[in-house]
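Written below as structure tokens is the structure these notes are about.
The values are calculated or read from the model by the stated rules, or taken from the named source; none is laboratory data. Just so you know, these numbers come straight off a predicted model, no measurement behind them. Cβ atoms come from the backbone with ideal geometry, glycine included; neighbour counts cover every protein chain shown. Only protein heavy atoms, including side chains, enter the accessible area calculation; ligands, DNA and RNA are left aside. Shrake-Rupley method; radii C 1.70, N 1.55, O 1.52, S 1.80 Å.
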Amino acid sequence: MDALPAVRARRITKCFGDVVALDGVDLDVPQGRIHGLAGPNGAGKTTLLGLLLGLAVADSGSLDILGTPVGRALDAPDGVAGFVDGPGLYPSLTARQNLAALAALRGDNARTTAVDDALAQVGLTAVADERTRGFSLGMRQRLGLAAALLTKPRLLVLDEPANGLDPAGKKHVHGVLDRLAADGTGVVLSSHRMDDLEALCSEVTILAAGRVVFSGPLAKLAAENAELDYRLLTSDPETARRLAAGTAGIRVLDGSGARHDSDALVVRALTPALDELVVRLVQGGIALRELAPVVSPLEAAFLALTENQEAAR
């Protein structure tokens, strides 16, 4: 694996008139990692992705991609591929013809085997010869990913790649991204779907109002987060509720987030207190059938961090 980082950004600022889209943003993405990018609408995610793809240049700061400083020209650095705001496709062409045409525009006469392999990786072989005007949003997203794969990128930049995907499509996309990272490709993935970020990313950067409010491993984000609400299903709901009420650091809630299940116990706690409750349940002979956060740690931290940033504006 190349020792150079896929992305190293320092104090990146980008303005559009009086609007500050990015305000002193730092970003580090190692090669061979999938790095998540999250934030509310207007946080600056798309602007940052555009800088990585060479669609715009920063007003100030430094940006190195794959070890090369990015200059002032609007041009995608070598080894970078991806899309923002959805992939651009020719609706009158088939999926196979789209990939061949895009390769030709780059001066790369992609072999038929390369096109077929890219289509197979994203699960579009069965519709390879259908015109893309009839494709669903999820199918267009997968075809855009296939187009990026033709370049064998060392940095892949994707904006909402799971948008519109059904479960089968999501499985294909997740598998492709995991394999790319395992082979040493750096991936920057922007998404509003916290479940996708948690499933794929080892690290995440959260933007709010153009600024970084968190950047680091997901485990660190969860550890730094405040109490979470957890939903428990047990073999003895009443005894479980009594034990929870008697456990230090546990607050029993009135069914909030219990999905209208009267047998569910919802508690608010930090992880050590929750661990103690689980031990007490087991010691009491109570089977624990389900234990899950009502809101995931990433989503809870996302809401807390971004809401705090908006309140400070």
Counting just the residues of segment 258-296 that are surrounded by fewer than 13 Cβ atoms within 10 Å (Cβ to Cβ) and basic (Lys, Arg), which one comes out modelled with the highest pLDDT?
-> ARG289
Would a scan of segment 138-158 turn up a residue that is open to solvent by 10 Å² or more (accessible area, probe 1.4 Å) and farther than 22 Å from VAL115 by Cβ?
-> no
From the options ALA43, ALA6, residue that is crowded, with 23+ Cβ neighbours inside 10 Å, of a type in the set (A, V, I, L, M, F, W, C) and under 27 Å from ASP183 (Cβ atoms) | ALA6
All-but-one check, THR151 against (1) modelled with pLDDT under 90; (2) of a type in the set (Ser, Thr, Tyr); (3) under 17 Å from the mean Cα position of the chain (by Cα), failing number (3)
Kindly state which strands (runs of 3 or more DSSP E) lie completely within segment 1-78 and contain at least 3 residues that are among the charged types (D, E, K, R).
-> 7-16, 19-29
Note on segment 18-30: residues open to solvent by less than 70 Å² (accessible area, probe 1.4 Å) and more than 16 Å from the chain's Cα centre (by Cα) are ALA21, LEU22, ASP23, GLY24, VAL25, ASP26
Residue pairs within 9 Å by beta carbon, gap of at least six or interchain, first lying in segment 112-129 and within 16 Å of GLN141 (Cβ to Cβ) and in a helix (DSSP H, G or I), second charged (D, E, K, R) and open to solvent by 80 Å² or more (accessible area, probe 1.4 Å), listed first then second, are GLN121/ARG179
